[in-house]
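Visitor: Below you will find the structure I want to go over with you.
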Amino acid sequence: MKNQSRRDFLKITTISATALVGASATKLFASGNPTSSIDPMGVLVDTTVCIGCRKCEWACKKAHNIDTKPIEDYDNRSAFENYRRPDHTSLTVVNEFRNPTAESKPYDVKVQCMHCNEPACVSACIVGAMTKQENGSVIWDTDKCIGCRFCMVACPFQIPTFEYHKALQPDITKCDFCFERTKEALLPACVEICPVEAVTYGKRSELLKLAKKRINLYPERYKEHILGEHEVGGTSWMYLAGMDFDKLKFPKLSTKAAPGVSEAIQHGIFSYFVPPASLFALLGGIMWLNKNKSKSEPDTE
Amino acid sequence: MKIISMIIIILSTGLFAQEKPHFVTQELQCSTCHTCEVPTKNNPCVRECIREYLVSVKHSAKEAPENILINRFEKIENIYQPVHFTHQLHAEMSHLAGGCQTCHHYNPPGRILTCIECHETGRKREDISKPDLKAAYHRQCIDCHRGWSHEINCVSCHAMNEGKPSNIDTKPMPKTVHPEIKTPERMVINTEYANGKIVTFNHKEHVDLFGLECQSCHSQESCIKCHDKNPDKLKSKMVHETHENCASCHDTDNNCSSCHAQKEKPGFDHGQRTGWQLNKLHSKLSCSSCHQKKGVFTGLKSKCSNCHDSWSSENFDHAITGLRLDEIHLENECADCHIDDNFTKPSCGNCHDDIEYPDFMPGTLTK
């Protein structure tokens, strides 16, 4: 009898706990939907203008208190020998690609977070540390981050990277669109330093207009494709280029927002508490089988 | 009523016509600036950034400002110091590339605009359709400089600031001129053409005699041609490119032997080619001073009056021939001594019976 009541208590608590977790989980995924304004700020990166001076890399590190070499060292172009990706030591990097039509004018491509309109990382974050801000930035709360790295897996551009070197301080790093600077009405550090304004800061709608105008004015200079206009539901950062984007090592993406796909699967699984219910059905079954077994054991003896 | 409205229309057009519309003074095509056939006040359909087509003011590099100190962005905390831009030097050399409009790419009718008149100084701005001033400067400079240096070093134009107040000299810099470009007298080029491997190119002759300008052949070469730090990368001109340069005067499609031969060719010799040896005075002239019809070198007669039809005893300075006429002979008409248009040896027989040139001189020899 005593045993029975304890079992009942456990049953009730587990069920209620599951219900709570399930409910909060659905709530979390729902919070993954974008909260940004209709016309967020953005940046247009013109890879035909970029000269690969890498001053943006230096300015970015300065703005984010990351150790950096002196600015003169960035003139050294040997950095382009290897293809680089942004990581915790450099939130943005510039890679250089051969220009088949003009040897002396290679294409330099800055890489950083695209700040998607419907960010997959926000959707995937199970603790709600990632958020899309009103001004377009996708930022995260280090205190909330548990280091699960779901955002790394979810990102269609493979941008968030993990700081492995401090095991006890799990931290995801990526470009934050200089959220702290833009709050104070400053320009993002990379935009401010760029000597040729290869990165133009402005309202996303204005940037789209500008990009279309440039393509229209110089059709021989640009491919008729604005990367980020439609990709994964649109991004705050957009690119213009003189050659196909896949040759500049950009992933080929559909126009469907990434969270749409992942959330459909996740929500499908989690609807009506299917996973917890089935898990507990399974465990209950095993328990029931074991109970029957233990009951029958003394009989056989 | 009709008459009144007609008068109003005529008067108003008269008023507006006082100032000549820009397309009259600029000799522009409407389509250079407007996208539609009939631009109206409400819908002017003006093209955006027409760039070089609009350059209307052309002046020589000597009239351009000499050196410009670009210190508009100067701040103590800046990483780099301002730049002294050798404007006139760049302007002088620009005729080998795209001309003044390489940089001054937008010029509505009137004086030449400076960069700041179109490009805003602040990066954070409302109108993002044009790059800001700093970007505009850098784009113009780097576009050429990276071509020949193959690197993008800030310090090749800027000095480092190093936290101290800028010590750049704000006084005008001394005039910088490009060192004189040494041109070859003649070049012997080995080609792959079997029927005439050797092309002798008389560079000096083409410039001094044939009167070609540098940019007639050396166009769009910019600084790279001479200043390339990595000459290996400089590809030699393709066959069709070389022929293109010569084809404006030579028939490169049909007459190969005019340039290609099995051995070196001597320079152009007027006497050998035409049978009329040029004398000292004429040999210094460029072809076009006699052969005034462009590209036509036949049809001139060896008679002096063919070209010198305006010369008479009153306006011709005879001393130029080496003989200064004395007072008596100055009164004569040319034909009194130079019978039958023969201007080499005069005949005295018209006035004198037993005197002959050169035993008797009608003046004093100056040479």
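Visitor: Select from the range A:69-97 the residues that are away from chain B (no Cβ under 13 Å) and either assigned to a loop (DSSP other than H, G, I, E, B) or small (Gly, Ala, Ser) (or both) and list them in ascending order. So that I can check it myself, show each step before the final result.
Guide: First, pick out the residues of the range A:69-97 that are away from chain B (no Cβ under 13 Å): A:69, A:81-93, A:95, A:97.
A:Lys69, A:Asn82, A:Tyr83, A:Arg84, A:Arg85, A:Pro86, A:His88, A:Thr89, A:Ser90, A:Leu91, A:Thr92 - these are the residues of the range A:69-97 that are away from chain B (no Cβ under 13 Å) and either assigned to a loop (DSSP other than H, G, I, E, B) or small (Gly, Ala, Ser) (or both).
Residue-wise test of (1) closer than 28 Å to B:Phe210 by Cα; (2) outside any loop (DSSP other than H, G, I, E, B).
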site	(1), (2)
B:Lys263	yes, no
B:Gln272	yes, yes
B:Leu278	yes, no
B:Phe297	yes, no
B:Asp309	yes, no
B:Ile328	no, yes
B:Phe360	no, no
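Visitor: A further question follows. For residues that are touching a residue at least 12 places away in the same chain (Cβ under 8 Å) and under 21 Å from B:Lys301 (Cβ atoms), scanning just the range B:311-329, find the one that is most open to solvent (accessible area, probe 1.4 Å).
Guide: The extreme case among them is B:Trp311.
Visitor: Return the residue satisfying two criteria in turn: it lies in the range B:126-143 and is more than 7 Å from chain A (Cβ to nearest Cβ) and acidic (Asp, Glu), and of such residues it is most open to solvent (accessible area, probe 1.4 Å).
Guide: B:Glu126
Visitor: Out of the range B:330-348, which residues are in a loop (DSSP other than H, G, I, E, B) and open to solvent by 50 Å² or more (accessible area, probe 1.4 Å)?
Guide: B:Glu331, B:Glu333, B:Asn342, B:Phe343, B:Thr344, B:Lys345, listed by residue number.
Visitor: Could you say whether any residue in the range A:102-125 is in contact with a Leu (Cβ under 9 Å, 6 or more places away or on another chain), crowded, with 17+ Cβ neighbours inside 10 Å and more than 15 Å from A:Lys249 (Cα to Cα)? Before the answer, list the steps.
Guide: Of all residues in the range A:102-125, those in contact with a Leu (Cβ under 9 Å, 6 or more places away or on another chain) come to A:107, A:109, A:112-114, A:125.
Add one more test, that the residue is crowded, with 17+ Cβ neighbours inside 10 Å, and what stays is A:107, A:109, A:112-114, A:125.
Add one more test, that the residue is more than 15 Å from A:Lys249 (Cα to Cα), and what stays is A:125.
Checked the range A:102-125: at least one residue is in contact with a Leu (Cβ under 9 Å, 6 or more places away or on another chain), crowded, with 17+ Cβ neighbours inside 10 Å and more than 15 Å from A:Lys249 (Cα to Cα).
Visitor: Let me ask something additional. Here are A:Pro170, A:Pro219: which of them is closer than 30 Å to B:Asp132 by Cα and assigned to a loop (DSSP other than H, G, I, E, B)? Give the derivation first.
Guide: Values: A:Pro170 fails: closer than 30 Å to B:Asp132 by Cα.
That would be A:Pro219, the only listed residue that is closer than 30 Å to B:Asp132 by Cα and assigned to a loop (DSSP other than H, G, I, E, B).
Visitor: Kindly list, by first and then second residue, each pair from a residue in the range B:144-157 that is within 9 Å of chain A (Cβ to nearest Cβ) to a residue that is open to solvent by 30 Å² or more (accessible area, probe 1.4 Å) and at pLDDT 80 or above, limited to pairs with Cβ atoms under 6 Å and residues at least 6 apart or on different chains.
Guide: That search, which allows pairs on different chains as well, returns B:Cys154/B:Tyr80.
Visitor: Of all residues in the range A:50-68, which are away from every other protein chain (no Cβ under 11 Å) and either at positive phi or not hydroxyl-bearing (Ser, Thr, Tyr) (or both)?
Guide: Hits for the range A:50-68 are A:Cys56, A:Glu57, A:Cys60, A:Lys61, A:Ala63, A:His64, A:Asn65, A:Ile66, A:Asp67.
Visitor: Please work out if A:Ile146 is among the β-branched types (Val, Ile, Thr), open to solvent by 20 Å² or more (accessible area, probe 1.4 Å) and away from chain B (no Cβ under 14 Å).
Guide: Criteria met by A:Ile146.
Visitor: Let me ask you something else. Quick one: in the range B:28-49, which of the residues that are of a type in the set (D, E, K, R) and modelled with pLDDT under 75 is surrounded by the most Cβ atoms within 10 Å (Cβ to Cβ)?
Guide: Start the filter on the range B:28-49 by keeping residues that are of a type in the set (D, E, K, R), which leaves B:37, B:41, B:47-48.
With the extra rule that they be modelled with pLDDT under 75, the set shrinks to B:47-48.
Working: B:Arg47: 14, B:Glu48: 11.
Out of the qualifying residues, it is B:Arg47.
Visitor: Oh, and also: Given the condition part of a loop (DSSP other than H, G, I, E, B), open to solvent by 40 Å² or more (accessible area, probe 1.4 Å) and more than 9 Å from chain B (Cβ to nearest Cβ), answer yes or no: does some residue in the range A:177-188 qualify? Spell out the reasoning first.
Guide: Initially, the range A:177-188 is screened for residues part of a loop (DSSP other than H, G, I, E, B), giving A:177-178, A:184-188.
Now drop any that are not open to solvent by 40 Å² or more (accessible area, probe 1.4 Å), which leaves A:184-186.
Those left that are additionally more than 9 Å from chain B (Cβ to nearest Cβ): A:184.
Checking the range A:177-188: at least one residue is part of a loop (DSSP other than H, G, I, E, B), open to solvent by 40 Å² or more (accessible area, probe 1.4 Å) and more than 9 Å from chain B (Cβ to nearest Cβ).
Visitor: Determine which member of the set A:Glu192, A:Glu197, A:Glu224 is open to solvent by 20 Å² or more (accessible area, probe 1.4 Å) and within 11 Å of chain B (Cβ to nearest Cβ).
Guide: Step by step, each of A:Glu192, A:Glu197, A:Glu224 is checked, and only A:Glu192 is open to solvent by 20 Å² or more (accessible area, probe 1.4 Å) and within 11 Å of chain B (Cβ to nearest Cβ).
Visitor: In addition: Hey, any hits in the range A:129-138 for a residue that's open to solvent by 30 Å² or more (accessible area, probe 1.4 Å), in contact (Cβ under 8 Å) with a residue 24 or more places away in the chain and of a type in the set (D, E, K, R)?
Guide: From the range A:129-138, those open to solvent by 30 Å² or more (accessible area, probe 1.4 Å) are A:131, A:133-135; that's our starting set.
Restricting the remaining residues to those that are in contact (Cβ under 8 Å) with a residue 24 or more places away in the chain gives A:131, A:133-135.
Next, from what is left, pick out any that are of a type in the set (D, E, K, R): A:134.
Yes, the range A:129-138 contains a residue that is open to solvent by 30 Å² or more (accessible area, probe 1.4 Å), in contact (Cβ under 8 Å) with a residue 24 or more places away in the chain and of a type in the set (D, E, K, R).
The values are calculated or read from the model by the stated rules, or taken from the named source; none is laboratory data. Quick caveat: nothing in here was measured; it's all calculated off a predicted structure. Cβ sites come from the backbone with ideal geometry, for glycine too, and all protein chains shown count toward neighbours. Side chains included, ligands, DNA and RNA excluded: accessible areas come from the protein's heavy atoms. Shrake-Rupley method; radii C 1.70, N 1.55, O 1.52, S 1.80 Å.
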